[in-house]
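Comments concern the structure below.
The values are calculated or read from the model by the stated rules, or taken from the named source; none is laboratory data. Because the structure is a prediction, the values reported are computed rather than measured. When we count neighbours, we look across all protein chains shown, and the Cβ atoms used for this are built from the backbone with ideal geometry, even at glycine. These accessible areas exclude ligands, DNA and RNA; they are computed on the full protein's heavy atoms, side chains included. Shrake-Rupley method; radii C 1.70, N 1.55, O 1.52, S 1.80 Å.
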Amino acid sequence: MGFYVSFGTVLLLLAVTAPVSLSFGFFGAMAARARFAPLSWLGKGYIAIVRGVPDIAFFLFFVIALDQGIEYLLHSVRCPDWTDPIRQGSDFVVCDSAKMPLNSSPQWIHEVYGFSLAVLTFAIVFGAFAGNVLFGAMNSVPRGQIETAEAYGMTHRQAFWRILVPQMWIYALPGLSNLWMVLIKATPLLFLLGVEDIVYWARELGASKTARFTDYPHGDWRMWYFLALLIFYLAFTKVSEVVLERITKKLSHGQATVGGEAQRKAA
Amino acid sequence: MSCWQTLQDYAFRSLGYGERLLPRNDFTLCEQFVLIGSGMIWNVYFGVLAVITGFFFANLLAVAKLSGNRWARKPAEWFIFIFRGSPLFIQFFFAYFLFLNLKSVSPIFDPFSAAWLGALIVLFLNTAAYSGEIFHGALLSIPRGDMEAADAYGFSGWKKFRKITWPTMMRLAWPAYTNEAIFLFHATTLVYFSGFPAWRQQGDALYYARYFADKTFNPFIPYPILAFYFILLTLVIIKVFGLVNTYLNRHLPQANRRKIRLRPNLIR
């Protein structure tokens, strides 16, 4: 049963992470474009640092770092009269009421907490990637469009929201669809973050079962479970490819790009 | 214990030489640096061998994918689709358990379930698929004029491919291929995370970094060390591939040479 639910977990993660990281990326790109220098450094720094660090190390690092950060903040708020140092040798000690989640809370809260940490980590990492794509896309909207907007007397803000943002998507789409493919393929890493996802269940259920522990004894089936996962991902990739192709077609409509031009000629 | 002593004890720990026990408490910065660096030996081993062997197979795949013969084209297309369409992580798991099952069929397969061979095969196939796609794209974007010029000079068949098509393809594909190589080196960290066990605690850099992070509950030291090593490794790769790039473009005027633009990627 858990095996089937875990497919839902993966899909839910994708559904939640995609918009969240897109908005992270949007803010990152907006900050990087800002005319106020420190804000632009912040945006560019965020994009550069996250992109530069090797892959899964980031995931491993962020989950613990976020967890400890949250606990540390709660600790400073809830237990101000705690005198012992927090790092005691190799232990990280906070007072009981600052434990996240609380020791007393039911199992599902622990799971939800773990899941949201995972989503946040994914969003931070993929937000940087999306930010880079959107930043490039904003810069590739033809300069003339903005100049026209300014000639019509639009303010900087109006030109950004009414002219730049609607037009940038077609330029961002190739990068974003690539990112979506990468995101799909990153989901098995949930397993590393301690969420009971499909990899976890494939290992658990596939392992040798003897008649003593279960009603359905079988040998080592993990190979077949992982084959099923492989096929699941392949199918998912294929479906995404088809859908993204449709979106591209739709977005190129009426754009001054090669794709849009081809559509105009065909019509 | 001095740092020099630590270096002697642990510099080749990942290969099984030196001190057998990993440090258990009072971890010094030096120990972390040396052990994680020792693990990098495996990352370099996997990366270098997979890139070199994968390169040849990728060329074959790219040509096969472009060929008019469907018996050559279809298998290449499927191969590339399967390895690019599924997560490397799952591929590792699947391969490991596949080799485990094969082990009971014949003892020939014994070494395959060990990381040094089994994981190398997966990485080899994986990078071949990714680079094959890059080379295929490059083949498609060879300027038509080059081909026409080759025809005009009377080149044909193998000679045309060897003298004109292939060098041009390499030139076009090289910047993307550099990124693929960097990406592959980063992907080597997945090996000991999937099914493949670290025999006698001889793991790669991430294995040791995680060991320290687990023991100390402090991710802020081992992971930045790991990142440091990887940035160093990436710089070396860029340097080496940059040299090849200059060699490939040696006939062009200096200013026209295409610079390699670094585009690090995430998880495959």
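Could you tell me how many of the residues in region B:102-126 are closer than 17 Å to B:G47 by Cα, of a type in the set (A, V, I, L, M, F, W, C), assigned to a helix (DSSP H, G or I) and open to solvent by less than 60 Å² (accessible area, probe 1.4 Å)? So that I can check it myself, show each step before the final result.
Of the residues in region B:102-126, the ones closer than 17 Å to B:G47 by Cα are B:114-126.
Pick out the ones that are also of a type in the set (A, V, I, L, M, F, W, C) and you get B:114-117, B:119-125.
From what's left, assigned to a helix (DSSP H, G or I): B:115-117, B:119-125.
Applying the additional criterion that residues be open to solvent by less than 60 Å² (accessible area, probe 1.4 Å) yields B:115, B:117, B:119-125.
Number of matching residues: 9.
Listed residues B:T246, B:T234, B:T216; which is touching a helix residue (DSSP H, G or I) at 6+ places or on another chain (Cβ under 7 Å) and surrounded by fewer than 21 Cβ atoms within 10 Å (Cβ to Cβ)? First the steps, then the outcome.
Details: B:T246 fails: touching a helix residue (DSSP H, G or I) at 6+ places or on another chain (Cβ under 7 Å); B:T216 fails: touching a helix residue (DSSP H, G or I) at 6+ places or on another chain (Cβ under 7 Å).
Matching residue, one of B:T246, B:T234, B:T216: B:T234.
Regarding B:W166, is this residue assigned to a helix (DSSP H, G or I), open to solvent by 20 Å² or more (accessible area, probe 1.4 Å) and either of a type in the set (A, V, I, L, M) or modelled with pLDDT of 90 or more (or both)? Walk me through how you get there before you give the answer.
Details: assigned to a helix (DSSP H, G or I): yes; open to solvent by 20 Å² or more (accessible area, probe 1.4 Å): yes; either of a type in the set (A, V, I, L, M) or modelled with pLDDT of 90 or more (or both): yes.
When the stated conditions are applied, B:W166 passes them.
State all residues of region B:127-163 that are among the acidic types (D, E), over 21 Å from B:T246 (Cβ atoms) and surrounded by fewer than 19 Cβ atoms within 10 Å (Cβ to Cβ); if no residue qualifies, say none.
Quick first cut of region B:127-163, residues among the acidic types (D, E) only: B:133, B:146, B:148, B:151.
Next, only the ones that are over 21 Å from B:T246 (Cβ atoms) stay: B:133, B:148, B:151.
Those that are among the acidic types (D, E), over 21 Å from B:T246 (Cβ atoms) and surrounded by fewer than 19 Cβ atoms within 10 Å (Cβ to Cβ): B:E148, B:D151.
Pairs please, first residue from region B:88-101 and among the β-branched types (V, I, T), second anywhere and open to solvent by 10 Å² or more (accessible area, probe 1.4 Å), Cβ atoms under 8 Å, 6+ apart in sequence or on different chains.
Between residues of region B:88-101 that are among the β-branched types (V, I, T) and residues that are open to solvent by 10 Å² or more (accessible area, probe 1.4 Å), the close pairs are B:I90/A:L230.
What is the number of the single condition among (1) open to solvent by 60 Å² or more (accessible area, probe 1.4 Å); (2) in a helix (DSSP H, G or I); (3) touching a helix residue (DSSP H, G or I) at 6+ places or on another chain (Cβ under 8 Å); (4) farther than 21 Å from B:F193 by Cα that B:E19 does not meet?
Of everything listed in (1) open to solvent by 60 Å² or more (accessible area, probe 1.4 Å); (2) in a helix (DSSP H, G or I); (3) touching a helix residue (DSSP H, G or I) at 6+ places or on another chain (Cβ under 8 Å); (4) farther than 21 Å from B:F193 by Cα, B:E19 misses just condition (2).
Having 2 or more residues that are of a type in the set (G, A, S) and either at pLDDT 70 or above or more than 23 Å from B:V122 (Cβ to Cβ) (or both) is the bar; report the helices (runs of 4 or more DSSP H) wholly within region A:176-267 that clear it. Spell out the reasoning first.
Values: elements: A:198-206, A:222-252, A:258-266.
Result: A:222-252, A:258-266.
Is it the case that region A:41-56 has a residue that's at pLDDT below 70 and in a loop (DSSP other than H, G, I, E, B)? Before the answer, list the steps.
From region A:41-56, those at pLDDT below 70 are A:49-56; that's our starting set.
After this cut, where a residue has to be in a loop (DSSP other than H, G, I, E, B) as well, the list is A:53-54.
The answer is yes, given that some residue of region A:41-56 is at pLDDT below 70 and in a loop (DSSP other than H, G, I, E, B).
Which of (1) in a helix (DSSP H, G or I); (2) surrounded by 18 or more Cβ atoms within 10 Å (Cβ to Cβ) does B:L49 not meet, given it meets every other one?
Result: B:L49 passes all but (2).
Which of the residues spanning region B:169-190 are within 14 Å of chain A (Cβ to nearest Cβ) and either modelled with pLDDT of 90 or more or open to solvent by 40 Å² or more (accessible area, probe 1.4 Å) (or both)?
B:A176
Take region A:125-144 and flag every residue that is of a type in the set (S, T, N, Q) and either within 14 Å of chain B (Cβ to nearest Cβ) or within 9 Å of A:I47 (Cβ to Cβ) (or both).
The one that is of a type in the set (S, T, N, Q) and either within 14 Å of chain B (Cβ to nearest Cβ) or within 9 Å of A:I47 (Cβ to Cβ) (or both): A:N132.
Considering region B:66-87 alone, what residues qualify as being at the interface with chain A (Cβ under 9 Å from one of its Cβ atoms) and free of Cβ contacts under 8 Å to residues at least 12 places away in the same chain?
Initially, region B:66-87 is screened for residues at the interface with chain A (Cβ under 9 Å from one of its Cβ atoms), giving B:81-82, B:84-87.
B:F81, B:G85, B:S86 - these are the residues of region B:66-87 that are at the interface with chain A (Cβ under 9 Å from one of its Cβ atoms) and free of Cβ contacts under 8 Å to residues at least 12 places away in the same chain.
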